[in-house]
Amino acid sequence: MDYTVRDFGEPFNAPDADIIFRSIDNVDFRAHRITLVHASPVFGSMFSLPASVSAGGDEQKDGI
């Protein structure tokens with residue numbers, strides 16, 4: 001299995017994104033939280049919760 005992480009590309013490659021989602025097949029999607037909050041009440045609720053630390057620790061990429 002290929003574990004190489006790659007970026008999705010347009011339209012999910014904004015250099016000023018403030019969140020990155022990684023799919024199960026190691027594809028990164030860069031997005032803006034505010035856009036997700038306006039598009040989905042689920043994201044609005046999720047982003048209002050306090051941040052938690054996962055078992056393996058929080059992973060960061062490019063400071064995000």
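Every read-out reported here was derived from the displayed coordinates using simple, explicitly stated rules and does not represent laboratory data. Quantities reported herein were computed from a predicted structural model and do not represent experimental measurements. Glycine also receives a Cβ, built like all others from the backbone with ideal geometry; neighbour counts cover every protein chain displayed.
Along the axis of the charge dipole computed for the chain (Cβ charges of +1 for Lys and Arg, -1 for Asp and Glu, origin at the Cα centre), the listed residues Ser48, Pro15, Thr4 are led at the positive end by Ser48. So I have (i) 77; (ii) 125; (iii) 112, and one of them is volume of the Cα convex hull per residue in Å³ calculated from this model. Which one is it? Calculated volume of the Cα convex hull per residue in Å³: the matching label is (iii). Only DSSP H runs of four or more residues enter the estimate; each adds -39500 (n - 2.57), and after division by the residues of the chain the mean residue ellipticity at 222 nm equals -6000 deg cm²/dmol. Gain on full extension, evaluated as 0.36 nm per residue between Phe12 and Val27 minus their Cα-Cα distance, stands at 4.3 nm.
Taking 0.36 nm per residue of sequence separation and subtracting the Cα-Cα distance, how much length would be gained by fully extending the chain between Ile34 and Asp62, in nm to one decimal? Intermediate values should be presented prior to the final figure.
Numbers: separation 28, 0.36 × 28 = 10.08 nm, distance 1.92 nm.
Separation in residues times 0.36 nm, less the Cα-Cα distance, equals 8.2 nm.
Each residue of the stretch 15-29 is assigned a 3J(HN,Hα), and the resulting list reads x, 9, 4, 10, 8, 10, 9, 10, 7, 5, 9, 6, 10, 8, 10 Hz, derived from the Karplus form 6.51 cos²θ - 1.76 cosθ + 1.60 (θ = phi - 60°), x at Gly and Pro.
The slack in the chain from Tyr3 to Ile19, taken as 0.36 nm per residue of separation less the alpha-carbon distance, amounts to 3.7 nm.
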